[in-house]
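Chemist: Got a structure for you, questions after.
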Amino acid sequence: MTLPASAAAGLDEALALIADVPDFPEPGILFKDITPMLADHAALAAVVAALAAPGRDDSGAVVVDKVLGMESRGFILGAPVALALGVGFVPVRKAGKLPRATYAVSYALEYGEATLEVHQDALEPGDRVLLVDDVLATGGTARATIDLVEQCGADVHAVAMLMELGFLSGRAAIGTVPLTTLLTI
């Protein structure tokens, strides 16, 4: 997807603020720290505009009803994207964190399993949804969230990710859902 000029303005400078932290959280891992980018108003504004772009059509009209953010950095990015689009925000949480009736999807991790949940009344059947998160790695979290949206009877319009770890092939897990990533590593 080509970003409109308003979304692309300042994006390169914003992404340059993502700091590399070697050997975190363990030796051999190069961690991408987004906190310097989040702390810079202009950078955060550029990233939010770019992540919101897949929730608009070519004329700039909003084409989604809700933004879903996956725990936990998806909350940080998804909530302002929802505000930019003028739609509601729905958190997708780890198991046991939501107080009312939920739908749940479990998925495999490298060493074990994880479960994500969403409130059963968070989406209306037919709602068009934009998923937002910080990193697309293996695609397990994104796939589980797509499955949750479908359990609610809603439709995933697109997925917007700040970064994609291209060497992990996470794109395959989301299938044919349109994907926008701002930085591929």
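The values are calculated or read from the model by the stated rules, or taken from the named source; none is laboratory data. Computed from a predicted model, the values in this text were never measured in an experiment. Virtual Cβ from ideal backbone geometry, glycine too; neighbours counted across all protein chains shown.
Chemist: (1) surrounded by fewer than 21 Cβ atoms within 10 Å (Cβ to Cβ); (2) touching a helix residue (DSSP H, G or I) at 6+ places or on another chain (Cβ under 9 Å); (3) of a type in the set (A, V, I, L, M, F, W, C): which one isn't true of LEU162, the others all being true?
Modeler: Of (1) surrounded by fewer than 21 Cβ atoms within 10 Å (Cβ to Cβ); (2) touching a helix residue (DSSP H, G or I) at 6+ places or on another chain (Cβ under 9 Å); (3) of a type in the set (A, V, I, L, M, F, W, C), only one is false for LEU162: (1).
Chemist: Any residue at all in the stretch 7-24 that's closer than 19 Å to LEU85 by Cβ, at pLDDT below 95, of a type in the set (A, V, I, L, M) and surrounded by 18 or more Cβ atoms within 10 Å (Cβ to Cβ)?
Modeler: yes
Chemist: May I pose another question? Among the helices (runs of 4 or more DSSP H) contained in the stretch 9-72, which hold 1 or more residues that are under 21 Å from ALA158 (Cβ atoms), over 14 Å from the mean Cα position of the chain (by Cα) and polar (S, T, N, Q)?
Modeler: Values: elements: 11-16, 35-39, 41-52.
Answer list for the stretch 9-72: none.
Chemist: If I filter the stretch 47-61 for residues that are under 25 Å from ARG128 (Cα atoms), surrounded by 11 or more Cβ atoms within 10 Å (Cβ to Cβ), of a type in the set (Val, Ile, Thr) and at pLDDT 95 or above, do I get at least one hit?
Modeler: Yes, there is a match, as at least one residue in the stretch 47-61 is under 25 Å from ARG128 (Cα atoms), surrounded by 11 or more Cβ atoms within 10 Å (Cβ to Cβ), of a type in the set (Val, Ile, Thr) and at pLDDT 95 or above.
Chemist: Can you name the condition, by its number, that VAL87 falls short on among (1) over 20 Å from ALA122 (Cβ atoms); (2) crowded, with 18+ Cβ neighbours inside 10 Å; (3) in contact with a Gly (Cβ under 9 Å, 6 or more places away or on another chain)?
Modeler: (1)
Chemist: For the stretch 174-185, which residues satisfy the criterion of being outside any loop (DSSP other than H, G, I, E, B), in contact (Cβ under 8 Å) with a residue 24 or more places away in the chain and over 15 Å from LEU77 (Cα atoms)? Steps first, please.
Modeler: Taking the stretch 174-185 as the starting set, the residues that turn out to be outside any loop (DSSP other than H, G, I, E, B) are 174, 179-184.
Next, from what is left, pick out any that are in contact (Cβ under 8 Å) with a residue 24 or more places away in the chain: 174, 179-183.
Once the filter is applied, which keeps residues that are outside any loop (DSSP other than H, G, I, E, B), in contact (Cβ under 8 Å) with a residue 24 or more places away in the chain and over 15 Å from LEU77 (Cα atoms), the stretch 174-185 yields ILE174, LEU179.
Chemist: Could you please give the count of residues in the stretch 137-173 that are outside any strand (DSSP E or B), of a type outside the set (Lys, Arg) and within 12 Å of the chain's Cα centre (by Cα)?
Modeler: Initial filter on the stretch 137-173 (outside any strand (DSSP E or B)): 137-154, 165-173.
Still in the list and also of a type outside the set (Lys, Arg): 137-142, 144-154, 165-170, 172-173.
From the residues that got through so far, the ones that are within 12 Å of the chain's Cα centre (by Cα) too are 137, 139, 141-142, 145-146.
The number of residues fulfilling the criteria is 6.
Chemist: Select from the stretch 111-138 the residues that are touching a Leu at 6+ places or on another chain (Cβ under 8 Å) and modelled with pLDDT under 95 and write down the one among them that is surrounded by the most Cβ atoms within 10 Å (Cβ to Cβ).
Modeler: Across the stretch 111-138, the extreme among qualifying residues is ALA137.
Chemist: Moving on. Listed residues LEU68, LEU168; which is closer than 24 Å to ASP33 by Cα and modelled with pLDDT under 95? Walk me through how you get there before you give the answer.
Modeler: On the way: LEU68 fails: modelled with pLDDT under 95.
Answer to the check: LEU168.
Chemist: If you don't mind, there's one more thing I want to ask. For the stretch 111-139, how many residues are farther than 17 Å from LEU68 by Cα and in contact (Cβ under 8 Å) with a residue 12 or more places away in the chain? Before the answer, list the steps.
Modeler: So in the stretch 111-139, the residues farther than 17 Å from LEU68 by Cα come out as 111-114, 137-138.
Subset that is in contact (Cβ under 8 Å) with a residue 12 or more places away in the chain: 114, 137-138.
Going through the stretch 111-139 one residue at a time, the tally reaches 3.
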